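Accompanying notes for the structure given below.
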Amino acid sequence: MDLGIKGKRALVCAASKGLGRGCAMALAEAGVDLVINARGAEALEATATEIRNRHGVTVTAIAADITTEAGRANVLEAAGSVDILVTNAGGPPPGMWSDWSREDFIKALDANMLTPIALMQALMPGMMDRGWGRVVNITSQSVKAPIGALGLSNTARTGLTGFVAGTARQVAGKGVTVNNLLPGIHATDRAISLDAAMAKTQGITPAEATARRAATIPAGRYGTAEEFGAMCAFLCSMHAGFIVGQNILLDGGAINATL
Ligand code: NAP
C-alpha cells in the first residue's frame, strides 16, 4: 500500500533501538525524511546509517536526552518544522507504590507525560498552519490495564492519555491527528531487561522467564519492532486522517477485554 507520505519530514524520538527504531524504519520505508534522537551517539549513528542505506532518505541524528529542556531544545532546533512527530522515551523503573518519592514521580511525569506534551506544543502549531500533521505517542498497555510494579509508568502515561483525549479533538479540524500506540510485550532491550529482572527474582533462567511471559500472550510470542513500526507508519499515512484521539493496543491479545 502506498502510504502517501513520501517526502514528508518526521521527528522520531528515542529511536536508536526498539520500538522507536521500528517506527523510524517504517516511516523511512514510506519515503519520509527523518530526524531521529537518542542519548547514546554510537547506536544512534549506526541506526541512522542503516536507515539511509536501506531506504535512501535523509536522516539527521541528534544525540540528546529528550526528557530534559536542553535536550529537547537541541532536537527541536534540528527538526525545524516537521509533518510527523513520534514521541517516545525510556520507561520508568519498576518498584513498590509505597516507596516512590515526589522526585520519582516528577521524573516519570517529566519523561513520559510532560516531554511528549512539550513536543506537541512546539510542533503542532506549525502542522496546523500547514493544514496537515500526524502525532503518534508511544505509551503502554499499562494505560489500559495497570501493571502493579510499573506504577510510575501507569501514572505518567494515563496523564498523557488524558491530555491527548482532549487535545486531539481541538486540532483535528486543522488536519492534524494525534493518537497513542499502546505496546504490550515486544522483543526489545526493554523486554530483555524485564525478563532478566524476573529471572533473578524467581530464580529461573532468562529464557524460562521469556517463555513464561510469552505464555501469557494469546499470540504465544512477543511482538516485533517491525510490526509496531508498520502500525505507526499507517497512523502517519494519508489514509489515517479520520483516526483521531485513539489508543491502539498492540499486545497479541494479552489484555482480556471486549473493548
Ligand atoms: P528500548 O529497546 O530500551 O529502546 C529505548 C530507546 O529509547 C533507545 O533508543 C534509547 O537510546 C532511547 N532512549 C531512552 N531514554 C531516552 C531519553 N531520555 N532520551 C532520548 N532517547 C532515549 O525500549 P523499547 O522497548 O523500545 O520501549 C520504548 C517505550 O515503550 C518505553 O517507554 C517503554 O517503557 C515502552 N514500552 C515497551 C514495551 C516493550 O515490551 N518493549 C511494553 C510497554 C511499553 P539511549 O538509551 O541511547 O538514549
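The values are calculated or read from the model by the stated rules, or taken from the named source; none is laboratory data. Owing to the predicted nature of the structure, the values given are computational and were not obtained by experimental measurement. Positions of Cβ are generated from backbone atoms using ideal geometry, with glycine treated the same way; all protein chains shown enter the neighbour counts. The accessibility values were calculated without ligands, DNA or RNA, using every heavy atom of the protein model including side chains. Shrake-Rupley method; radii C 1.70, N 1.55, O 1.52, S 1.80 Å.
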If you take the residues in the range 23-43 that are open to solvent by 10 Å² or more (accessible area, probe 1.4 Å) and in a helix (DSSP H, G or I), which one is farthest from the ligand (Cβ to nearest atom)?
E29
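Is one or more of the residues making up the range 154-176 outside any helix (DSSP H, G or I), open to solvent by 40 Å² or more (accessible area, probe 1.4 Å) and farther than 21 Å from T87 by Cβ? So that I can check it myself, show each step before the final result.
Pass one, the range 154-176, residues outside any helix (DSSP H, G or I): 175-176.
Narrowing further to those that are open to solvent by 40 Å² or more (accessible area, probe 1.4 Å): none.
No, because not a single residue in the range 154-176 is outside any helix (DSSP H, G or I), open to solvent by 40 Å² or more (accessible area, probe 1.4 Å) and farther than 21 Å from T87 by Cβ.
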Condition first: among the acidic types (D, E) and modelled with pLDDT of 95 or more. Can you find one or more residues in the range 217-229 that meet it?
yes
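Just need a number here: residues in the range 224-244 that are open to solvent by 10 Å² or more (accessible area, probe 1.4 Å) and outside any helix (DSSP H, G or I). Show your work before the answer.
Filtering the range 224-244 down to residues open to solvent by 10 Å² or more (accessible area, probe 1.4 Å) leaves 224-227, 230-231, 234, 238-239, 241-244.
Next cut, outside any helix (DSSP H, G or I) only: 224, 241-244.
Adding up the residues that qualify gives 5.
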Which number in (1) at pLDDT below 95; (2) more than 10 Å from the ligand (Cβ to nearest atom); (3) in contact with a helix residue (DSSP H, G or I) (Cβ under 6 Å, 6 or more places away or on another chain); (4) of a type outside the set (V, I, T) marks the one condition that L150 misses?
(2)
Can you name every residue in the range 84-107 that is surrounded by 15 or more Cβ atoms within 10 Å (Cβ to Cβ), charged (D, E, K, R) and away from the ligand (no atom under 14 Å from the Cβ)?
D104
Being open to solvent by 40 Å² or more (accessible area, probe 1.4 Å) and outside any helix (DSSP H, G or I) is the requirement here; does P125 meet it?
no
Six or more apart or on different chains, Cβ atoms under 6 Å: show the pairs whose first residue is in the range 69-83 and open to solvent by less than 10 Å² (accessible area, probe 1.4 Å) and whose second is of a type outside the set (D, E, K, R) and not in a helix (DSSP H, G or I).
G71/A64; V75/N37; V75/I62; V75/A64; A79/L11; A79/V35; V82/A10; V82/L11
